[in-house]
Structure formats: structure tokens, C-alpha cells
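Everything below concerns the one structure shown next.
The values are calculated or read from the model by the stated rules, or taken from the named source; none is laboratory data. Worth saying up front: this structure is predicted, and the values here are computed from it rather than measured. Every residue, glycine among them, receives a Cβ derived from its backbone with ideal geometry; neighbour counts consider all protein chains shown. Only protein heavy atoms, including side chains, enter the accessible area calculation; ligands, DNA and RNA are left aside. Shrake-Rupley method; radii C 1.70, N 1.55, O 1.52, S 1.80 Å.
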There are 2 protein chains.
Amino acid sequence: MSPRRRDTEGAAAARAARRTELLGTAAEVFAERGYAATTVREVADAAGMLGGSLYYHFDSKESMIDEILSGFLTALWRDYDAVLARGGGAERTLRGLVTASFQAIDRDRAAVVLYQNEAKHLAPNPRFGYLAESRARFRDMWVGLLEQGSRDGSFRADLDAPVVYRFIRDTVWLAAGWYRPGGRLGADEVAQQYLALVLEGIRGH
Amino acid sequence: MSPRRRDTEGAAAARAARRTELLGTAAEVFAERGYAATTVREVADAAGMLGGSLYYHFDSKESMIDEILSGFLTALWRDYDAVLARGGGAERTLRGLVTASFQAIDRDRAAVVLYQNEAKHLAPNPRFGYLAESRARFRDMWVGLLEQGSRDGSFRADLDAPVVYRFIRDTVWLAAGWYRPGGRLGADEVAQQYLALVLEGIRGH
DNA sequence: TACCCTACCAAACACTTGTTAGAAAACAGG
DNA sequence: CCTGTTTTCTAACAAGTGTTTGGTAGGGTA
């Protein structure tokens with residue numbers, strides 16, 4: 001490998017690192033004030049630069065949230081697929097999926113908030129077609145898991161499947177609205193509490 | 001009562017009715033596209049008029065969502081207070097509150113969606129101070145109910161109270177994201193399903 | 001018919017928005 | 001110290017924003 005080649009590679013890596021850094025602060029500002037209500041000047045300000053300077057790194061405001069969301073979903077599905085590949089029964093899979101979700105919240109809370117709040121409004125845009133794809137995969141995954149669990153007795157069989165699916169799907173992401181890393185409970189502990197609620201309910205026994 | 005007086009009263013009533021009608025379509029557009037991303041011209045278009053004409057009825061775009069949200073919360077707390085006044089044990093109260101919430105979704109879905117999506121961003125504005133007040137009342141109501149239920153054995157006592165509170169609080173509004181009046185299930189039926197989930201969990205017994 | 005008031009339109013306003021183009025700084029390697 | 005490259009700034013643009021002002025159609029009232 002020529003030194004020339006190593007240089008351009010190092011430069012490319014540095015540029016990618018700076019992009020990731022900027023995307024992180026952009027995600028936080030977008031999550032805090034809402035994507036549409038956030039100005040590129042506000043994002044730039046949080047990053048310590050002027051509005052126009054962002055366009056050296058990104059094509060547009062839209063491409064920023066695009067990269068944030070697609071990166072988030074890619075990482076998330078990597079984790080989900082690992083859980084699914086592990087196998088081991090419906091309850092174990094459910095525990096794994098919920099735990100992975102809470103770890104995602106712990107790892108990149110802003111992206112989760114953004115996904116929750118903005119995905120619905122962005123989805124109609126063809127550029128964000130992967131959002132609808134991901135949602136379909138979500139549905140298939142959860143419905144399949146619930147059906148399997150109902151058949152083998154892991155879960156109750158007398159619940160309305162579509163309602164339960166939506167309940168689980170949405171429930172998983174709720175904590176992103178209030179969870180703060182470094183608080184009283186860690187991600188895995190909150191996941192435990194949620195799993196206890198979803199599996200056993202709140203009624204006294 | 002003079003005829004003159006009756007006239008002005010009739011006119012005032014007609015004007016109020018028109019305002020309510022316009023607020024209904026505004027709520028739908030805001031809920032569909034997001035408040036910040038929605039243009040007053042889009043609201044006016046949905047109402048069959050031009051952008052500026054809205055300012056005959058309302059001071060500003062902000063006063064529209066203000067009126068939508070405050071009206072929604074007023075009606076909601078009227079229902080909640082009725083349930084609380086009825087008394088009758090923790091589980092009965094919980095059932096009443098959840099049912100009332102789903103009826104609110106059924107009655108004014110757009111307002112619920114708006115409340116869910118925009119409240120957090122509007123709350124810092126002093127004009128929307130009632131949002132924080134309402135949230136505090138929510139918290140006190142649910143925490144009190146959960147503690148009471150844990151004491152008298154209606155609910156389990158081994159769950160983390162703050163986590164359960166947030167779980168219940170958010171769970172109640174989730175259906176607003178997908179529920180459509182006139183669908184397969186009515187509001188009371190969806191409430192039943194949700195209550196079964198929250199109370200008993202999904203595990204097979 | 002003449003009047004008036006309600007509800008809307010037409011057209012503009014000041015300002016903010018995302019975005020761009022060129023200049024200047026910061027920084028590297030020789 | 002020079003030179004080329006990377007990154008940021010300056011300054012502006014065109015389009016779109018919430019909002020205002022003055023006009024006007026139309027229906028009820030005298």
C-alpha cells in the first residue's frame with residue numbers, strides 16, 4: 001500500500017468521523033426541538049459553526065435525518081437478527097428483542113426519539129422508503145413471534161393479535177421519551193421491568 | 001330578553017360553532033403533517049378558504065393549537081374527575097380511566113395525536129403552562145392509584161413504581177397512532193384488550 | 001331600496017427558511 | 001516558509017412563512 005493511498009484513506013476516515021460527530025449533535029437538536037421546527041442554523045450552532053458550513057459535509061437538511069435514521073435502523077436490525085438467529089423459544093426471543101431495543105435506546109436515544117416522532121411524516125417521501133420496509137419487517141417479526149408463542153403455550157392464546165402486536169411494538173420504544181443513560185436504572189434493568197409488566201401484568205396474584 | 005339581545009347571542013353562537021368547525025379541520029391537518037411542518041395556508045385550504053381568512057377567526061397559528069389542546073384537556077379531565085369521584089377500588093378506577101382515555105381517542109383522535117406529538121415541544125412556552133400542570137396532575141393521579149392498588153393487593157407490589165407509572169401513562173395513548181373509529185373494534189373493545197394486557201400480561205397460564 | 005355587518009378575498013409586508021458561491025482561514029507536507 | 005488541500009466563514013439568493021391591511025360579496029334589517 002503506497003503512502004499516498006494511506007493518506008487518502010486516513011483523510012476519508014477522518015472525514016467520516018467528523019460526519020458521524022455532526023450527525024450526533026444534529027440528532028440531538030432534531031430530537032429536542034422536532035425536525036421540522038429545527039433550523040439548520042440551530043444545528044450548526046450546536047456544532048460550533050455557521051449554517052452554511054454544514055453544506056460542506058451534507059447535501060441538505062433532509063440528507064442528515066436520512067443518514068441518522070438509516071444508520072439507526074441498520075444497527076438495530078443487526079441486533080434483532082442476531083437475537084432471531086439465536087433461537088430458543090418464543091419467550092426467550094421476546095426477552096432478547098426487548099432487551100436489544102432498550103440497549104438501542106441506551107446507545108442512541110436521540111435517533112430513537114427521531115424515529116418515533118418523525119418516521120410517520122417522512123415515510124410518504126420515496127427517499128425514505130426503507131422506513132416502510134422496516135415497519136413491515138417489524139410487523140412480520142412480531143406477529144410471527146406472537147403466533148409461535150401462542151401455539152406452544154408461551155403466551156396466552158385469547159388475545160387479539162393485531163392489538164397485541166401494536167401494543168408490543170409501540171411499548172418497546174416508549175422509554176426513549178424519558179429514559180436517560182446514567183440514571184437510577186440501567187437499560188437492562190428497565191428492560192427487566194418492562195418484560196415483567198408485559199409478561200405478567202400488574203394485577204396482584 | 002330583547003330581540004336585539006337574542007340576535008347577538010345567536011350570532012355569537014354561530015361564530016363559536018364556526019370556530020369549533022375550523023379547529024376540527026386544523027387539528028386534523030396538524031396531526032397529519034405535524035404542527036411545525038403545517039402551513040396556515042394548508043389549514044385554510046382544507047377548510048376551503050384562503051390563508052389570511054383564518055385570521056378573522058383566530059389571532060395566530062399558535063392560538064389555534066392552544067385552543068385545540070386546552071379544549072381537549074378540559075374535556076379529558078372532566079371525564080377523569082368523574083371516574084375518580086365514582087370511587088370503588090383501584091382496579092375499577094384503573095378500568096374507568098383507561099376506558100375514558102380510549103373514548104377520548106375515539107371522540108377526538110386528532111387532538112390526542114397532537115397532544116402526544118407536540119406537547120413536549122410546546123410546554124416550555126409560558127403560554128402552554130397548563131400542559132405542565134396537566135402532566136403533574138396525571139402523575140399524581142396515576143402514582144396515587146398505583147400505590148393504593150399495591151397496598152390493598154389489587155396490583156402487584158414488586159414493580160418499580162416510576163417505571164410502571166410512565167408505562168401506564170404512555171400506554172394509554174398509544175392506540176391514537178393507529179386506531180380509526182368505525183374499524184373492526186370499537187373504543188370500548190380496544191380498551192378491554194388493553195386492560196387485559198396491562199392487568200394479566202401476555203404469558204400463558 | 002339603502003344600510004350594515006359578517007365572513008371572506010386579494011395583495012402585500014417583513015422575516016425566516018434551506019441553500020449556494022466565493023473568499024478566507026487552518027492545516028498539512030515538502 | 002511555501003503550497004495545496006481541507007474546512008469554515010461571509011454574504012447573499014429565492015422561495016416560503018405567519019401576519020396585516022383594505023376591499024368586497026352577500027344576506028339579513030330597517
Worksheet item: How big is the Cα convex hull of the protein assembly as shown in projection, averaged over all directions, in nm²?
Response: 26.5 nm²
Practice prompt. Pull out a ≥ b ≥ c, the square roots of the eigenvalues of the alpha-carbon gyration tensor of region B:74-126, then state rounded if a/c is under 1.5, prolate if not and a/b is larger than b/c, and oblate in the remaining case.
Written response: prolate
Worksheet, complete the sentence: Under a 1.4 Å probe, counting only protein heavy atoms, B:Leu195 has an accessible area in Å², nearest 10, of 10 Å²
Worksheet item: What list of ³J(HN,Hα) couplings, whole Hz, do you get for region A:130-146 from phi and the Karplus terms 6.51, -1.76, 1.60, once you set θ to phi - 60° and write x for glycine and proline?
Response: 5, 5, 5, 4, 4, 5, 5, 4, 3, 4, 4, 4, 6, 4, x, 5, 5
Worksheet entry | Helix-only CD estimate at 222 nm, as mean residue ellipticity for chain B, using -39500 (n - 2.57) per DSSP H run (n ≥ 4) | -24500 deg cm²/dmol
Worksheet item: In degrees between 0 and 90, to the nearest 10, how far off the longest principal axis of chain B does helix B:161-174 point, with axes built from Cα atoms?
Response: 50 degrees
Worksheet item: Amide H of A:Gly201: which non-local residues (sequence gap of 5 or more, or other chain) have their own amide H closer than 5 Å, using H built in the peptide plane?
Response: B:Gly201, B:Ile202
Discussion item. What distance in nm separates the two pseudo spin-label positions at B:Arg78 and B:Asp158, each 7 Å out from Cα along the beta-carbon direction?
Written reply: 4.4 nm
Worksheet, complete the sentence: Between the modelled labels at A:Arg15 and B:Ala136 (7 Å from Cα along Cα→Cβ) the distance in nm is 5.3 nm
Item to complete: Give the nm distances, rounded to one decimal, from A:Ala161 to the matching residue in every other copy, measuring between label points 7 Å along Cα toward the beta carbon; shortest first.
Response: 4.1
Worksheet entry | In order through region A:86-97: 3J(HN,Hα) via Karplus (6.51 cos²θ - 1.76 cosθ + 1.60), integer Hz, x for Gly, Pro | 5, x, x, x, 5, 5, 4, 5, 4, 4, x, 5
Worksheet item: Stokes-Einstein D for chain B at 37 °C, 0.692 mPa s, Kirkwood Rh over Cα pairs, in µm²/s?
Response: 172 µm²/s
Worksheet item: Over all residues in B:163-173, what is the mean tally of Cβ atoms on other chains that come within 10 Å of each residue's Cβ?
Response: 5
Worksheet entry | From phi via Karplus (6.51, -1.76, 1.60), per-residue ³J(HN,Hα) for region B:67-76 in Hz, x at Gly/Pro | 5, 4, 6, 5, x, 4, 5, 4, 5, 5
Practice prompt. Report, by chain and number, residues whose modeled amide H sits under 5 Å from the one on B:Tyr35, excluding near sequence neighbours (fewer than 5 apart, same chain).
Written response: none
